[in-house]
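Since every read-out is calculated from the coordinates, none of them should be taken as a lab result. Nothing here was measured: the structure is a model prediction, and the numbers come from that model. Heads up, the Cβs are rebuilt from the backbone with ideal geometry, glycines too, and the neighbour counts pull from every protein chain shown.
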Amino acid sequence: MAPNDEITRYHKTEGANEIMDKGYLTERDMPEMMALPWSEHLLEQVNDELRLRSLTDRAVLKKFNYYMGSGIIIYNPNQLTEDQAKQTLQKALGYRK
């Protein structure tokens, strides 16, 4: 997916809902996140949606590299530490140590 592909209202609200419900969003939840530039733009849109909902929490994006490949996660640092985010993404993508 090209980085300039449009992020729809659905992507924005679904991303914010996942952050609020689970505390994270992975490329398993939204396959378009496999493209880092697209994910960076999604992060801006999700944080904008969280602001519109009058929430003070902001999500962050992190790319982790594993032996079997890499993955991208957007998560709420108030709910998950960076290590927890890495383990959560590893489990979501089915990567094993």
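Per-residue counts of other Cβ atoms within 10 Å, averaged by peptide: what ranking do you get for 18-25, 70-77, highest first? Mind showing how you got there, number by number?
Values: 18-25: 18.9, 70-77: 21.2.
Going by the mean number of other Cβ atoms within 10 Å, highest first, we get 70-77, 18-25.
Stretching T81 away from M20 to a fully extended chain increases their span by 20.4 nm, per 0.36 nm per residue minus the current alpha-carbon distance. Taken along the Cα-to-beta-carbon direction at a fixed 7 Å, the label points for M34 and S70 span 1.5 nm. If you wrap the Cα atoms of the chain in a convex hull and average its projected area over all directions, you get 5.7 nm².
The count of lysine pairs in segment 9-93 with alpha-carbon distances below 16 Å, taking only pairs 8 or more places apart or on different chains, stands at 7.
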